[in-house]
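S.K.: Below is a structure I'd like to ask you about.
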Amino acid sequence: RAIITYLANQYGKDDSLYPKDPKKRALVDQRLYFDACTLYKACLDYYYPIVFYKAPRDPTKYVAIGTALSFLEKFLEGQDYVAGKTMTLADLAIVVTISTLEILGYNLGKYKNVTRWFARIRSEAPNYEDNDAGAKARAIMSYLADQYSKNVHLNPQTPSGRALVNHRLHFDIGTLYKGMKNCYYPVVFGGAENYNPEDYKVLESAFDILDKFLDGQDYVAGRNLTIADLAIAATVSTSEVFGFEVEKYTNVAKWMDKIKSSAPGYRKANGEGLEILKKLADNSKTE
């Protein structure tokens, strides 16, 4: 969510996806906050223990998903989009959560407004028919860069440049982010008491690879900042918040400093989400 708002703020050709009008932007922000703190959280709270720990289903947490979807159903009453008359970042963020629920088997059938909206967004957002929610989020980044960015370097148009960016994005979702999730999510979100040492080693190996990518390079996919840097920086900063020793990886640490300085507004855009994650991580350590 931080990355898509950052892209829209810094590189957008216009403000249609993230309006500059204070009232319109406030509504988009409210919907983004609803997704992160209500809808997505309910999805995570219910399904994560089941999927990763074979835990029994918790009826109370299941009800919380329905409550969140009922709010979304009301938001969409008489509306084509969740925050106004046109598609915004809020639609692109919330559709990832809805896709996740669908993949996990949640029955969306009784939410008529949600299912109507879901079909519309899937048809309007290109490259969206991937079955992996993480891949969908990265597809949205690519879509935003292609359709709305004034910066041609963010998502290169040359086959070789685009291939390298895509490789780094796949490395993020399939190796680095996956390693971070497997290592830290069980404790932070799943109620596990301790981190798995083997999962930690896998994460260290992923950081070793990233450190090699950055050897003698300013950015992860060439000489310019790309969406691959923004995606991977989110994973690295999340790992750091959860307690991973990023400073051990000299190239990665240097690159993160560069991202914070060469991507204006990124620190602010990413900061709120990181603060929430830090509180969750701190709470998991004291429980």
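S.K.: Ala221 - would you say it is crowded, with 20+ Cβ neighbours inside 10 Å and either more than 20 Å from Phe242 (Cα to Cα) or among the β-branched types (Val, Ile, Thr) (or both)?
M.R.: Yes; evaluated as a whole, the condition is true for this residue.
S.K.: Search the range 22-65 for residues being of a type outside the set (Lys, Arg) and assigned to a loop (DSSP other than H, G, I, E, B), and hand back the single one that is surrounded by the fewest Cβ atoms within 10 Å (Cβ to Cβ).
M.R.: Looking at the filtered set, the residue picked out is Pro56.
S.K.: Looking for something at pLDDT 60 or above and in contact with a Phe, Trp or Tyr (Cβ under 8 Å, 6 or more places away or on another chain) - is there at least one such residue anywhere in the range 126-135?
M.R.: No.
S.K.: Report yes if Tyr195 is among the aromatic types (Phe, Trp, Tyr), out of contact with any Pro (no Cβ under 6 Å at 6 or more places or on another chain) and over 24 Å from Tyr48 (Cα atoms), otherwise no.
M.R.: no
S.K.: Something else: Test Thr86 against the stated conditions and say whether it is exposed (fewer than 13 other Cβ atoms within 10 Å of the Cβ), hydroxyl-bearing (Ser, Thr, Tyr) and not in a helix (DSSP H, G or I).
M.R.: Considered against the rule, which asks whether it is exposed (fewer than 13 other Cβ atoms within 10 Å of the Cβ), hydroxyl-bearing (Ser, Thr, Tyr) and not in a helix (DSSP H, G or I), Thr86 comes out as yes.
S.K.: Looking at Ser237, Ser205 in this structure, which one is modelled with pLDDT of 90 or more, surrounded by 20 or more Cβ atoms within 10 Å (Cβ to Cβ), among the small types (Gly, Ala, Ser) and out of contact with any Phe, Trp or Tyr (no Cβ under 6 Å at 6 or more places or on another chain)?
M.R.: Testing whether each residue is modelled with pLDDT of 90 or more, surrounded by 20 or more Cβ atoms within 10 Å (Cβ to Cβ), among the small types (Gly, Ala, Ser) and out of contact with any Phe, Trp or Tyr (no Cβ under 6 Å at 6 or more places or on another chain) leaves just Ser237.
S.K.: For a quick check of your reading: which helices (runs of 4 or more DSSP H) sit entirely within the range 152-267 and have at least 3 residues that are of a type outside the set (Gly, Ala, Ser) and farther than 25 Å from Tyr47 by Cβ?
M.R.: 159-171, 197-213, 227-241, 250-262
S.K.: Looking only at the range 66-83, count how many residues are farther than 12 Å from Trp117 by Cβ and surrounded by 19 or more Cβ atoms within 10 Å (Cβ to Cβ).
M.R.: Selection size over the range 66-83: 1.
The values are calculated or read from the model by the stated rules, or taken from the named source; none is laboratory data. Bear in mind the structure is a predicted one, so any value in this text is a computation, not a measurement. Note that each Cβ is placed from the backbone with ideal geometry, even for glycine, and that neighbours are counted across all protein chains shown.
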